[in-house]
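See structure below.
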Amino acid sequence: ENRNGLTLLFAYTYSHEIDEVSNDLNSLSNPFNPAYDRGSGNFDQRHIFNASYIYNLPFFTHGANALERTVLGGWSISGITVARSGSPAQSGTPFQYTGPDTLGLGGGTTNRPNLVARVSYPKKRLAWFSTSSFANPVAPWNGGPNQGFGNAGKDAVILPGQFNTNLSLFKLIPIAPENRANLELRFESFNTFNQTEFNAVDTNTADSNFGQVTGTYDARTLQLGAKITF
């Protein structure tokens with residue numbers, strides 16, 4: 001929509017991707033039971049919202065003298081806001097049990113823990129999800145079920161989503177007749193509101209920081225620029 005110098009564009013996508021193996025080089029955790037790995041895959045991202053906007057600031061455009069129009073008028077502000085939910089903890093940070101071999105296959109296999117309680121999400125740096133919801137699997141020779149495989153699904157833990165806004169303030173200044181050449185001034189900000197956005201969580205049960213946030217997106221970045229177009 002374009003009205004009174006304001007242009008808006010919105011887009012929303014809902015999706016749900018289910019698979020057994022997400023990438024070509026991945027393999028099944030339990031080759032005798034493909035359904036063990038059936039669940040939400042790497043590309044499952046339920047909600048994605050994007051908004052883009054451009055607003056031509058109305059100041060010093062009418063009734064202003066030439067100097068005011070040149071210096072103070074003609075500025076525009078544009079931006080992109082993205083909000084998206086997180087994906088299951090598989091790609092890059094696989095959700096997995098690491099410990100004594102409960103499968104009897106000599107190691108080199110992928111296993112997951114048992115799910116003993118519903119997963120909750122405090123969404124804090126030291127506790128993104130409830131690690132008490134998981135327990136080590138039990139080997140069949142110790143009375144464990146499922147041939148020693150943990151019963152937690154590969155999509156049992158959802159990683160953080162993202163909410164981010166980038167803004168730009170810019171202006172074109174004619175420097176030659178009939179707009180044959182223009183000077184463009186830009187002031188840009190990325191992660192404008194400087195929100196702390198988590199992007200990685202430790203999901204390996206053997207690690208001391210299991211369940212903790214281990215990475216973030218970049219903090220706010222400011223950028224000044226100028227270019228001549230002709």
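A few notes on this one:
- Karplus-derived 3J(HN,Hα) values for region 221-230, using 6.51 cos²θ - 1.76 cosθ + 1.60 with θ = phi - 60°, are 10, 10, 9, 10, x, 8, 8, 10, 10, 8 Hz; glycine and proline are entered as x.
- Less than 5 angstrom separates the built amide H of residue 214 from those of 200, 201, 202, all sequence-distant by 5 or more or on a different chain.
- Accessible area per residue for the chain, computed on protein heavy atoms with a 1.4 Å probe, is 61 Å².
- Across the alpha-carbon atoms of region 146-230, the computed radius of gyration and Dmax are 23.3, 80 angstrom.
- In loop segments of region 103-178 as defined by DSSP, the trypsin sites (Lys or Arg not before Pro) with at most 13 further C-beta atoms inside 10 Å of their C-beta are 118, 123, 125.
- Taking amide H positions as modeled 1.01 Å from N, with prolines and chain starts lacking one, the residues under 5 Å from residue 161 and 5 or more places away or on another chain are 86.
- Sites residue 35 and residue 121 - FRET efficiency at Förster radius 25 Å, r taken between beta-carbons, to 0.05: 0.40
- For region 80-89, 3J(HN,Hα) computed residue by residue from phi via the Karplus equation (6.51, -1.76, 1.60; θ = phi - 60°) reads 9, 10, 10, 10, 8, 7, x, 10, x, 7 Hz, glycine and proline entered as x.
- Across region 6-51, the convex hull enclosing all Cα atoms gives 62 Å³ per residue.
- Between amide H atoms placed 1.01 Å from N, distances below 5 Å from residue 175 occur with 181, 182, 183, all of them 5 or more places distant or on a separate chain.
- To put it simply, the accessible area of region 76-230 at a 1.4 Å probe is 54 percent carbon and sulfur.
- Expected-Rg normalisation [2.2 N^0.38 Å, Cα atoms] applied to region 68-184: 2.01
- Backbone phi angles across region 109-116, fed through the Karplus curve with coefficients 6.51, -1.76 and 1.60 (θ = phi - 60°), yield HN-Hα couplings of 10, 9, 9, 10, x, 8, 8, 10 Hz in residue order; Gly and Pro are listed as x.
- Residues residue 185 and residue 230, FRET efficiency given R0 of 22 Å [Cβ-Cβ distance, rounded to 0.05]: 0.90
- Computed with the Debye formula from one identical point scatterer per Cα of the chain, without solvent, the log10 of I(q)/I(0) at q = 0.07, 0.09 Å⁻¹ comes to -0.40, -0.57.
- Candidates 177, 58, 137: whichever shows maximal mean-square fluctuation once the chain is modelled as a Gaussian network with Cα springs under 10 Å: 177
The values are calculated or read from the model by the stated rules, or taken from the named source; none is laboratory data. The shown structure was predicted, so the numbers you read here are calculated from the model rather than taken from an experiment. Cβ coordinates were reconstructed from backbone atoms using ideal geometry, including for glycine residues, and neighbour counts include every protein chain displayed. Surface areas here come from the heavy atoms of the whole protein model, side chains and all, with no ligands, DNA or RNA. Shrake-Rupley method; radii C 1.70, N 1.55, O 1.52, S 1.80 Å.
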